[in-house]
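Structure first, then comments.
We did not get these values from a lab; they are worked out from the coordinates using the rules stated. Nothing here was measured: the structure is a model prediction, and the numbers come from that model. Every residue, glycine as well, gets a Cβ built from its backbone with ideal geometry; the counts of neighbours run over all protein chains shown.
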Amino acid sequence: MGRVVAIVRVLPEDVETPPERIIDAIKRSLPPETYEVLKTRVEPVAFGINAVYVWIAMPEDIEGGTSDLERRLTEAPGVSQIDVVSVSRLIE
């Protein structure tokens, strides 16, 4: 079974929310038997808001594609909005 990597942009609910708290919430919301956080990067957006980009590995044959991942990330505490930027096959 192959894996894919999804790059997801995550925006916080509040400008005061530290990016580290968003990253921790994301990691806690994803079951490790299905998802693996490979990398994170924080980028300023505007007016003090920082977007968190997260690279997440997952099985390529997961039912529903990224919909379960998107639901879990949206439900994570402190997360306002998520956007799947890209999905590519992971070469291991």
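Structure summary
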item	result
Condition check for Ser88: under 16 Å from Ile7 (Cα atoms) and not hydrophobic (A, V, I, L, M, F, W, C)	yes
Residue tally, condition among the β-branched types (Val, Ile, Thr) and either touching a residue at least 60 places away in the same chain (Cβ under 8 Å) or on the phi > 0 side of the Ramachandran plot (or both), over segment 43-85	5
